[in-house]
1. In Å, what is the Rg of the alpha-carbon atoms in segment 93-140, and how long is Dmax?
2. Could you tell me which trypsin sites (Lys or Arg not before Pro) in segment 50-110 are loop residues by DSSP with no more than 12 other beta carbons within 10 angstrom of their beta carbon?
3. Give the long-range amide H neighbours of T116: residues separated by 5 or more places, or on another chain, with amide H under 5 Å away, using H modelled in the peptide plane at 1.01 Å from N.
4. Could you give me the ³J(HN,Hα) list for segment 99-113, computed from phi with Karplus coefficients 6.51, -1.76, 1.60 and θ = phi - 60°, whole Hz, x at Gly and Pro?
5. Over 27 Å, how big is the tail of the calculated P(r) for segment 61-215, in percent of all Cα pairs?
6. Taking a probe of 1.4 angstrom, what is the accessible area of K290 in Å², to the nearest 10?
7. Relative contact order, percent, of segment 237-296 when contacts are C-alpha pairs under 8 Å separated by at least 6 residues?
8. So what is the relative contact order of the chain, in percent, for Cα pairs below 8 Å that sit 6 or more residues apart?
Amino acid sequence: MILVMGGAGYIGSHTTKHLLDSGCEVVVADNLVYGHRQAVDARARFCHADLLDIFSLQTLFATYHIDAVVHFAAFAYVGESMADPAKYYANNVVGTINLLNVMQAFRVEKIVFSSTCATYGEPLHTPIDERHPQLPINPYGRSKLAVEQILEDYRRAYGLKYIALRYFNAAGCSADASMGESHTPETHLIPLVLKAITGERDVVKIFGTDYDTPDGTCIRDYIHVEDLALAHRLALEKLDSFSGCLNLGAGVGTSVREVIVAAENVSGQKCPVEYAPRREGDPAKLFADKRKAEEILGWKPRYTDMEDIIRTAWNWEKSRKF
Ligand code: UDP
């Protein structure tokens, strides 16, 4: 059985569905602070657990025969991490150490970990490959980098088998619109653009139009959440022969303005925008060199067109259940 820690969140819930569709048995554990109980596929077992409650973790591992862990459970708001780093280091770092120690006690030796391109910090060059220096510029990125280093230490000392997946910008929703992205507060560009189009929000603010990019707005690498889900399953299958870190991105850069145009094309409606100053800590340009993930996992993103990605998010936005 696969344990999906944080399986009620955005990427975790899509990965749970993908694993179930592939024939795996899954138990989801989540503290439901940011996750949604309705996002958990009915075929999965569900267990309320918290990384900072070691007893809840021990109960989980004593109840289910767990072969491997996919670990999404983390706080992921950059701004909040600046204001309250203690919360981020406690949950993301101490919580993960608790999980690793309970795994060790129960002789579970395999983990796939959600890392992030935020561990690279301000890019020195693009595309960003895995050997790019890791100099995160906020506590969120530092908490994820700390875990990557802990995983490597546990591998060397205790034989832990791990793959840390460094996501670029997760985007889109399941093709059948049964689940999707739902954050409170919502800070991500694509859902905010779609909410401005539906009228749920008045406008979307474009954070900075004076970047050194072709249209002056920031460039990011948007990778479909179902492509991320697929990569997690492939990573689980690779743990016997590879441990290390892999970028997960589409390998293509898309600007904020291009995202807005794609959303207007998909919806057939105008998106009201407002120009706003740059958001602190936003690099001009981030996109992945994804060749290592393709090579090691035999993974290829299926969604390569921004409008196709946004179409899935738009279908969810119009029929969202949570
Ligand atoms: N962005 C924006 N307006 C918003 C939210 C985001 O212009 O209301 C920009 C942001 O500056 C970044 C890109 O959209 O360049 C993606 O931001 P998001 O928060 O979705 O992801 P991040 O890249 O911060 O992980």
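1. Reported Rg and Dmax, both Å: 14.6, 42.
2. Working: sites: K87, R107, K110; in loops: R107.
Sparse-neighbourhood loop trypsin sites (Lys or Arg not before Pro): R107.
3. Amide H neighbours of T116: Y167.
4. 4, 4, 6, 5, 4, 4, 4, 9, 6, 9, 10, 10, 8, 10, 10
5. Details: 4401 of 11935 pairs.
Pairs farther apart than 27 Å: 37 percent.
6. 50 Å²
7. 62 percent
8. Numbers: 654 pairs, mean separation 62.2, N = 322.
Relative contact order comes out at 19 percent.
The values are calculated or read from the model by the stated rules, or taken from the named source; none is laboratory data. All of these numbers come straight from a predicted model, not from anything done at the bench. So basically every Cβ, Gly included, is an ideal-geometry build from the backbone, and we count neighbours across all protein chains shown. Surface accessibility is based on the protein's heavy atoms, side chains included, excluding ligands, DNA and RNA. Shrake-Rupley method; radii C 1.70, N 1.55, O 1.52, S 1.80 Å.
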